[in-house]
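Written below as structure tokens is the structure these notes are about.
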Amino acid sequence: MRTRTGPFFVALAAAILLCAAATASPQSGGFRFEAQDTAGTRWFKGNTHTHTLESDGDASPEEVAAWYRDNGYNFLVLSDHNVLTDPARLADMFTDDFILIPGEEVTSSFERRPVHINGININALVVPQTADTMVGTIQRNIDAIREVEGAPHINHPNFGWAYGAEELAQVQDDRLLEIYNGHPAVNNDGGGDSPGMEAVWDYLLTRGKRIYGIAVDDAHHFKTIGRNLANPGRGWVTVRAADLDPVSIVAGLESGAFYASTGVELDDVVVRGRRIEVHIRQQGSFKYVTQFIGAGGRMLLETGANPAVFELNGPEVYVRAVVRDSGGWRAWVQPVFVVTN
Ligand SMILES: [Zn+2]
Ligand SMILES: [Zn+2]
């Protein structure tokens, strides 16, 4: 882990060169963004990572669910460490606009480095797994979550500087990676010789791994507010789905039909042919800047327009977008992959 910077940037540079080579080659046929079927869908806001008194949180499941329900969220995953709270126990918290999705933070480790993988919409408790390598440990927990029909999401790899891009490139059957976690101790942005989560994400995407970036609270503290505490409301996802039910929401997440946010809200993301439009919801007097990013983390376009529009001119691997407002809050639009006609 301590030495991964060298190979990380060498691999990133190699990937950029590969893309440059692809761009330089004669264009054989057309290329466009993968089509997205959005008919009959709506947007639902939710948080997939939160703790309660069932593990190391400071509030009961009822109090935690009430916080999210009363603050405009449509769904919530209670993800206590190695505890599954049956949402049926909280059935009277449900409304037409708010549901709970079963979950657990499957909490393991390898050589004292934390391996925390959330299982969402699991149908049974997952026993944390270990193996004789870090990659094997991550994979076994992913497999155990899939075994009970759950969707795994990789939590805070930089917490304890546990593992990074090279390990994540080797694991399979995972679609979701925390690129922002609201807990103050998880090192989202990296530092020193360790890449931040967005750079890790671009590394994986550039290698062709289909993985989407989520923002979560990892909230533990509902009774006291402080910058060194893990309070709710810091990171969330807004998912496009036909219905507000666990299967539709998880399907939306695993197909990248969502954006992640720390504060910026979007009215729509329209992908058609070679064009991406990001329609930003104006809040207060904020100004906005949108960056469109391609393979290797290259910035393809920066614009202050709303909607922010990107037109594909070459055979990119993927294009994603980050919207920043003038207050520093962000929204991450999921990567859209490029296909040839
Ligand atoms: Zn954790
Ligand atoms: Zn957690």
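The values are calculated or read from the model by the stated rules, or taken from the named source; none is laboratory data. The structure presented is a predicted model; accordingly, all values stated were derived computationally and were not measured. Heads up, the Cβs are rebuilt from the backbone with ideal geometry, glycines too, and the neighbour counts pull from every protein chain shown. Calculation scope for accessible area: heavy atoms of the full protein, side chains included, ligands and nucleic acids excluded. Shrake-Rupley method; radii C 1.70, N 1.55, O 1.52, S 1.80 Å.
Output the residues belonging to the stretch 138-160 that are more than 14 Å from ligand 1 (Cβ to nearest atom) and touching a residue at least 24 places away in the same chain (Cβ under 8 Å).
Within the stretch 138-160, the first condition is being more than 14 Å from ligand 1 (Cβ to nearest atom), and the residues that meet it are 139-140, 142-151.
Within the stretch 138-160, Gln139, Ile142, Asp143, Ala144, Ile145, Arg146, Val148, Glu149, Gly150, Ala151 qualify.
With a requirement of 2 or more residues that are touching a residue at least 12 places away in the same chain (Cβ under 8 Å) and under 18 Å from Tyr212 (Cα atoms), the strands (runs of 3 or more DSSP E) lying completely within the stretch 222-341 that satisfy it span 236-241, 258-261, 266-272, 275-280, 288-293, 318-325, 330-340. Of Ala165, Ala169, all but one fail to be under 11 Å from Met197 (Cα atoms) and more than 16 Å from ligand 2 (Cβ to nearest atom); the exception is Ala165.
In the set Phe75, Phe94, only one residue is more than 16 Å from ligand 2 (Cβ to nearest atom) and more than 30 Å from Val270 (Cβ to Cβ); that residue is Phe94.
If you scan the stretch 143-174, which residues turn out to be over 24 Å from Thr238 (Cα atoms) and either open to solvent by 10 Å² or more (accessible area, probe 1.4 Å) or touching a Ser or Thr at 6+ places or on another chain (Cβ under 6 Å) (or both)? Correct list: Asp143, Ala144, Glu147, Val148, Phe159, Gly160, Trp161, Glu166, Glu167, Ala169, Gln170, Gln172. If you go through the stretch 50-68 and keep only what is closer than 19 Å to Ile122 by Cα and assigned to a helix (DSSP H, G or I), you end up with Pro61, Ala65.
Among the candidates Glu277, Glu254, Glu265, which residue alone is under 23 Å from Phe31 (Cα atoms) and of a type in the set (Asp, Glu)?
Values: Glu254 fails: under 23 Å from Phe31 (Cα atoms); Glu265 fails: under 23 Å from Phe31 (Cα atoms).
None of the others qualify; the one that does is Glu277.
Evaluating Glu311 against the criteria (1) open to solvent by less than 60 Å² (accessible area, probe 1.4 Å); (2) over 13 Å from Val264 (Cα atoms) leaves one unmet condition, (1). Per the listing Glu265, Glu277, the residue uniquely surrounded by fewer than 20 Cβ atoms within 10 Å (Cβ to Cβ) and touching a Pro at 6+ places or on another chain (Cβ under 8 Å) is Glu277.
Taking the stretch 237-262 as the range and being open to solvent by 20 Å² or more (accessible area, probe 1.4 Å) and either among the small types (Gly, Ala, Ser) or under 16 Å from Pro184 (Cα atoms) (or both) as the test, the residues that pass are Ala242, Ser248, Ala251, Ser255, Ala257. Residues in the stretch 118-137 include none that are without any contact (Cβ under 8 Å) to a residue 40 or more places away in the chain, within 20 Å of Pro195 (Cα to Cα), in contact with a Leu (Cβ under 8 Å, 6 or more places away or on another chain) and buried (at least 18 other Cβ atoms within 10 Å of the Cβ). Scanning the stretch 95-114 for residues that are surrounded by 15 or more Cβ atoms within 10 Å (Cβ to Cβ) and away from ligand 1 (no atom under 16 Å from the Cβ), we see that the one that is farthest from Tyr163 (Cα to Cα) is Phe98.
Is it true that Val216 is within 16 Å of ligand 1 (Cβ to nearest atom), of a type outside the set (Gly, Ala, Ser) and either in contact with a helix residue (DSSP H, G or I) (Cβ under 9 Å, 6 or more places away or on another chain) or open to solvent by less than 20 Å² (accessible area, probe 1.4 Å) (or both)?
Working: within 16 Å of ligand 1 (Cβ to nearest atom): yes; of a type outside the set (Gly, Ala, Ser): yes; either in contact with a helix residue (DSSP H, G or I) (Cβ under 9 Å, 6 or more places away or on another chain) or open to solvent by less than 20 Å² (accessible area, probe 1.4 Å) (or both): yes.
It is true that Val216 is within 16 Å of ligand 1 (Cβ to nearest atom), of a type outside the set (Gly, Ala, Ser) and either in contact with a helix residue (DSSP H, G or I) (Cβ under 9 Å, 6 or more places away or on another chain) or open to solvent by less than 20 Å² (accessible area, probe 1.4 Å) (or both).
List, please: which pairs have Cβ atoms under 8 Å, are six or more places apart or on different chains, and start with a residue in the stretch 175-191 that is open to solvent by 50 Å² or more (accessible area, probe 1.4 Å) and end with one that is hydroxyl-bearing (Ser, Thr, Tyr) and away from ligand 1 (no atom under 15 Å from the Cβ)? Short answer, once both residue conditions are applied: Arg175/Tyr212; Asn187/Ser194. The single residue among Val289, Val270 that is open to solvent by 10 Å² or more (accessible area, probe 1.4 Å), closer than 23 Å to Gly252 by Cα and modelled with pLDDT of 95 or more turns out to be Val270.
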